Amino acid sequence: MNRSYDWQFPLPRTHPGMLLGTGTPGVLVGGAANLLRLTLGRADFWDHRGGMPWREGMSYRNIRHHLDAGDEPGLRALFERTDPAPGEPHRPTVLPIGRVELALPEGTTLESGTLDLDAGRITVRALSEGGADLTLGLDLSMQSPVLHVDLPPGMSTRCIRRIPAWEYVGDYLESISFAQPALFDGAGLSGWVQERPADPPLCLAYRLEGSDLWLTAVYGADPADARGQAGSLIAAFVGRGSEALREETQAWWRDYWREVPELDLPNPLLAFLYDYGMYKFAGLTNPTGVAATLQGPWIEEYQMPPWSSDYHFNINVQMCYWPAYRGNRLSHLPPIFALLTSWRERLRENARIFVGIEDGLMLPHAVDDRGMRMGGFWTGSMDHGCTAWMADLMYQYYRYTGDVAFLRETAYPFMYGAMRVCEEMLED
């Protein structure tokens with residue numbers, strides 16, 4: 001079954017571009033004229049500052065009291081807080097990284113791109129001023145945060161332009177205590193390091209070896225370590241060669257599609273929506289990646305991601321994972337269950353404050369990857385349907401797998417904790 005689809009250049013905006021993703025890192029491919037743009041993101045690149053824990057007084061009883069009295073200011077005061085201190089953000093957020101631009105020879109025009117869903121590979125075609133065809137191939141490892149680009153002959157590092165997201169959101173980042181990224185070149189490695197005020201720095205690095213361009217974005221204990229980690233990872237892939245990466249990536253996608261149901265749809269648009277939807281599902285929820293956020297690994301470089309690209313549990317996260325069931329890819333679900341399990345004590349404390357019990361679980365609608373509330377939206381903070389929807393996701397996993405150990409150790413305790421909070425909210 002051929003699952004290849006074409007895009008036509010120009011693709012001047014970031015999100016309509018072609019996608020590569022592995023759950024944690026992702027690439028958006030676009031561009032116009034002779035300029036190919038590679039926007040790189042990571043779903044786990046957070047600024048964790050500004051999270052709001054559940055506070056004493058944020059109880060169901062107090063909420064009912066203010067509602068019955070028509071006291072909207074008092075209700076908002078329960079959940080909201082004063083403005084953060086200077087240099088601090090209002091809430092946690094996933095951060096944009098930036099992009100790398102490849103300038104093809106003058107007079108060249110980008111024509112089209114093909115996304116081969118069966119191989120997880122993008123091929124870009126361009127037409128030179130003299131009428132010759134140029135092609136570029138892009139492969140993203142499904143095991144490591146490494147992108148390989150097969151360039152036309154004759155390109156050099158002078159054809160590569162690095163654009164940190166700082167060029168677009170630097171004023172805002174500076175206002176919340178970020179420092180400008182440090183650009184570097186040397187020893188065959190170029191890129192930048194972006195430090196964070198309260199989290200480890202990230203290094204985006206690239207290396208050109210003949211017609212092979214290698215890129216990565218990784219963390220380190222400090223800027224020097226981040227740069228060293230990036231250089232070591234790229235060196236390991238250079239040593240193995242681009243063909244090894246392609247073979248591993250294609251093998252991963254063969255295994256993936258072997259389990260996904262095939263649909264013979266006479267409507268080409270519906271066929272594309274199904275194929276591309278299941279392809280994006282893999283790039284969003286790869287079992288070796290982090291649990292799926294609102295945008296997953298596809299973070300634009302030109303703005304801060306809307307809604308912080310956080311975890312919205314008022315059915316957004318749940319819908320991201322629904323294809324796992326009828327799409328026959330149940331192995332993509334454990335990362336989200338493991339994340340919820342890691343928050344168990346926080347969810348118990350939320351329930352204790354909310355309804356005064358010790359055996360409940362309470363999940364707000366919007367949190368970061370540590371389970372911290374994102375702002376003071378009170379109706380979302382106390383939307384206990386979020387907990388129940390995740391309990392349902394776990395129960396469906398048990399029904400599809402028949403995994404009694406999962407039911408006993410993970411699903412049932414979560415279902416029980418969700419229901420205990422519901423019980424305490426019931427009235428005659």
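Within region 106-120, the residues that satisfy the criterion of being buried (at least 16 other Cβ atoms within 10 Å of the Cβ) and outside any strand (DSSP E or B) are T108, L117, D118, A119, G120. Here L138 does not fit the description of being closer than 30 Å to P287 by Cα, touching a residue at least 40 places away in the same chain (Cβ under 8 Å) and either in contact with a helix residue (DSSP H, G or I) (Cβ under 9 Å, 6 or more places away or on another chain) or of a type in the set (F, W, Y) (or both).
Filtering region 185-213 down to residues that are at pLDDT 95 or above and not in a strand (DSSP E or B), which residue is most open to solvent (accessible area, probe 1.4 Å)? Restricting to residues being at pLDDT 95 or above and not in a strand (DSSP E or B), the top hit is E195. Out of P53, P89, one residue alone is closer than 23 Å to P200 by Cα and open to solvent by less than 10 Å² (accessible area, probe 1.4 Å). It is P89. Against the test of being open to solvent by 10 Å² or more (accessible area, probe 1.4 Å) and small (G, A, S), the options G380, G402, G375 yield a single qualifying residue, G402.
Annotation: G87 fulfils all but one of (1) assigned to a strand (DSSP E or B); (2) under 27 Å from the mean Cα position of the chain (by Cα); the unmet one is (1).
Candidates are the residues of region 378-428 that are modelled with pLDDT under 95 and within 23 Å of the chain's Cα centre (by Cα); the one that is nearest to F354 (Cα to Cα) is S381. If the condition is being among the hydrophobic types (A, V, I, L, M, F, W, C) and open to solvent by 20 Å² or more (accessible area, probe 1.4 Å), then region 12-50 contributes A32, A33, L35. Selection of helices (runs of 4 or more DSSP H) fully inside region 284-403 by the criterion of at least 3 residues being of a type in the set (K, R) returns 344-355. Selection over region 162-183 of residues that are touching a strand residue (DSSP E or B) at 6+ places or on another chain (Cβ under 9 Å) and either surrounded by 16 or more Cβ atoms within 10 Å (Cβ to Cβ) or under 14 Å from E301 (Cα atoms) (or both) gives a count of 12. For A226, the criteria (1) open to solvent by 20 Å² or more (accessible area, probe 1.4 Å); (2) hydrophobic (A, V, I, L, M, F, W, C); (3) farther than 16 Å from S141 by Cβ hold in every case but one, which is (1). Scanning region 312-360 for residues that are among the aromatic types (F, W, Y) and within 18 Å of W378 (Cβ to Cβ), we see that the one that is surrounded by the most Cβ atoms within 10 Å (Cβ to Cβ) is F354.
All but one of (1) out of contact with any strand residue (DSSP E or B) (no Cβ under 8 Å at 6 or more places or on another chain); (2) assigned to a loop (DSSP other than H, G, I, E, B); (3) crowded, with 16+ Cβ neighbours inside 10 Å hold for L75, so report the exception by its number. All conditions are met except number (2).
The residue of region 152-177 that is nearest to T108 (Cα to Cα), among those that are assigned to a strand (DSSP E or B) and not hydrophobic (A, V, I, L, M, F, W, C), is R161. In region 36-54, is there at least one residue being assigned to a loop (DSSP other than H, G, I, E, B) and among the hydroxyl-bearing types (S, T, Y)? Taking every residue of region 36-54 in turn, none turns out to be assigned to a loop (DSSP other than H, G, I, E, B) and among the hydroxyl-bearing types (S, T, Y).
Of the residues contained in region 79-90, none is found to be closer than 18 Å to T293 by Cβ and touching a Leu at 6+ places or on another chain (Cβ under 7 Å). Taking first residues from region 342-363 that are within 18 Å of F313 (Cα to Cα) and partners that are β-branched (V, I, T) and not in a helix (DSSP H, G or I), the Cβ contacts under 7 Å between residues at least 6 apart in sequence or on separate chains come to A351/I357.
So, in region 280-299, of the ones that are surrounded by 24 or more Cβ atoms within 10 Å (Cβ to Cβ) and hydroxyl-bearing (S, T, Y), which residue ends up farthest from the chain's Cα centre (by Cα)? The selected residue is T285. Across region 236-259, the qualifying residues are those that are touching a strand residue (DSSP E or B) at 6+ places or on another chain (Cβ under 8 Å) and over 17 Å from A119 (Cβ atoms), and the one among them that is surrounded by the most Cβ atoms within 10 Å (Cβ to Cβ) is F237.
Within this structure, A230 fails the test of being without any contact (Cβ under 8 Å) to a residue 12 or more places away in the chain, part of a helix (DSSP H, G or I) and of a type in the set (A, V, I, L, M, F, W, C). State all residues of region 233-266 that are of a type in the set (A, V, I, L, M) and in a helix (DSSP H, G or I); if no residue qualifies, say none. Of everything in region 233-266, those that are of a type in the set (A, V, I, L, M) and in a helix (DSSP H, G or I) turn out to be L233, I234, A235, A236, V238, A244, L245, A251.
The values are calculated or read from the model by the stated rules, or taken from the named source; none is laboratory data. As the structure is a computational prediction, the values presented were derived from the model and not from experiment. No Cβ is skipped: glycine too gets one built from the backbone with ideal geometry, and neighbour counts run over all protein chains shown. All accessible areas refer to the heavy atoms of the entire protein, side chains included, with ligands and DNA or RNA removed. Shrake-Rupley method; radii C 1.70, N 1.55, O 1.52, S 1.80 Å.
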